[in-house]
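S.K.: Mind having a look at this structure? Questions to follow.
The values are calculated or read from the model by the stated rules, or taken from the named source; none is laboratory data. Quantities reported herein were computed from a predicted structural model and do not represent experimental measurements. Using ideal geometry, Cβ is built from the backbone for each residue, glycine included, and neighbour counts are taken over all protein chains shown. Note: accessible area is taken over every heavy atom of the protein model, side chains too, but ligands, DNA and RNA are not part of it. Shrake-Rupley method; radii C 1.70, N 1.55, O 1.52, S 1.80 Å.
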Amino acid sequence: MAPKRRKLIPKTVQNAPEQQHYLVSFCDYIRNECLLAENTCAAYRRDLERFYVWLGDRAIRELRIQELSDYAAWLHEKNLAPASLARHIVSLRVFFRFLQLEGFITTNQAELLGSQKLWDRMPSVMSPGQVDQLLRCPTPEKDRLWIRDRALLEMYYATGARASEITELKLHDVHLDGPYCRFTGKGNKQRDVPLGEQAIAAFELWMNDQRPALIEHMEKKKRKAKVSTETTAPVDRKRLLGTTDYAFFSSHGLPMKRGAIWELVKKYALRIGAPSDISPHSLRHSFATHMLAGGADIRQVQVLLGHAAITTTEIYTHVDLTALKELHKKLHPRG
């Protein structure tokens, strides 16, 4: 006689104690299975960590659209930029979609959240004169790494790259004989962006002058740390064993972080009296705006910026109305 079959009981979804596990699993999923860029994964995690702050001891599986609407209102109270609000809502919807896919929840209430309406909020754009002032701002009298800073700012404006792309730029990506730079953008997509004469000159000065001297200084520190077996203070070897295969690096030979570039741009913008809202993205936006004002086609600018969709380029670029009027007057038969 066959043994009596055991009745299968559906596994119930765990509640609040495993909610932190949800976030860990989601981050692993988008990184290892969706193969999203590291910066994109970090952005999702930051958004969802803010959601967890609001969540408190609530159970995710019991949330309804009314509570999620309260979360959206809570985000509004944080005075976030419109683009940030929209991104938080998108992150939440993707997260809930994952939870439903994995069986952690049965219904996806986040799908009922409407997308945050975006209105035009253009990043600050600098005039060509302001950009010229900014690029010439680093000086030997005030700045120890002024040659590196000038080369970095010139490269930034010449290519319209993202801050993260500048930090990840390696020496083998810079082709001065081309001349062009090869950037790896979102989704690991590569693009080549031409370099102008001034950016080439600034980078060559950095390569031939300050960079070798900085590497030699670091090598001396390494040798000194190796010889010294007993010191009164522990040696921070991580700061002494930095890599130098990056196009730009810190005074310790370590790759520059986006925060360091942010501070660098802010420092020089403040020195020339530029508006307080000038940021690294302002250089990228100025690059696109000046290209368009000079007559470049928007699809050419799209390729240079590394945008997947033309609509993104339309959001992040604009042409001064005065330039449009002059173009209309010059080209229109009855201008």
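S.K.: Among the numbered conditions (1) aromatic (Phe, Trp, Tyr); (2) more than 16 Å from the chain's Cα centre (by Cα); (3) under 26 Å from Met218 (Cβ atoms), tell me where Phe287 comes up short.
M.R.: All conditions pass for Phe287, except number (3).
S.K.: Kindly indicate which of Val53, Val13 is at pLDDT 85 or above and among the β-branched types (Val, Ile, Thr). Can you show your working first?
M.R.: Values: Val13 fails: at pLDDT 85 or above.
Checking each option against the conditions leaves just Val53.
S.K.: Go through segment 49-165 and tell me which helices (runs of 4 or more DSSP H), entirely inside it, have 3 or more residues that are over 26 Å from the mean Cα position of the chain (by Cα).
M.R.: 65-77, 82-101
S.K.: Then there is this: Aliphatic (A, V, I, L, M), touching an Asp or Glu at 6+ places or on another chain (Cβ under 9 Å) and either more than 16 Å from Phe104 (Cα to Cα) or open to solvent by less than 80 Å² (accessible area, probe 1.4 Å) (or both), is that true of Leu36?
M.R.: So Leu36 does not fit the description; no.
S.K.: Looking only at segment 193-215, count how many residues are open to solvent by 40 Å² or more (accessible area, probe 1.4 Å) and under 23 Å from Val301 (Cβ atoms).
M.R.: So the answer is 3.
S.K.: Taking the conditions exactly as written (under 20 Å from Arg144 (Cβ atoms), open to solvent by 100 Å² or more (accessible area, probe 1.4 Å) and at pLDDT below 90), does Arg223 satisfy them or not?
M.R.: no
S.K.: Picking from Arg182, Arg148, Arg144, which residue would you name as being basic (Lys, Arg), out of contact with any Gly (no Cβ under 7 Å at 6 or more places or on another chain) and open to solvent by less than 60 Å² (accessible area, probe 1.4 Å)?
M.R.: Arg148
S.K.: Among Tyr44, Tyr29, which is the only one that is under 12 Å from Phe98 (Cβ atoms), open to solvent by 30 Å² or more (accessible area, probe 1.4 Å) and within 18 Å of the chain's Cα centre (by Cα)?
M.R.: Result: Tyr44 is the single residue among Tyr44, Tyr29 that is under 12 Å from Phe98 (Cβ atoms), open to solvent by 30 Å² or more (accessible area, probe 1.4 Å) and within 18 Å of the chain's Cα centre (by Cα).
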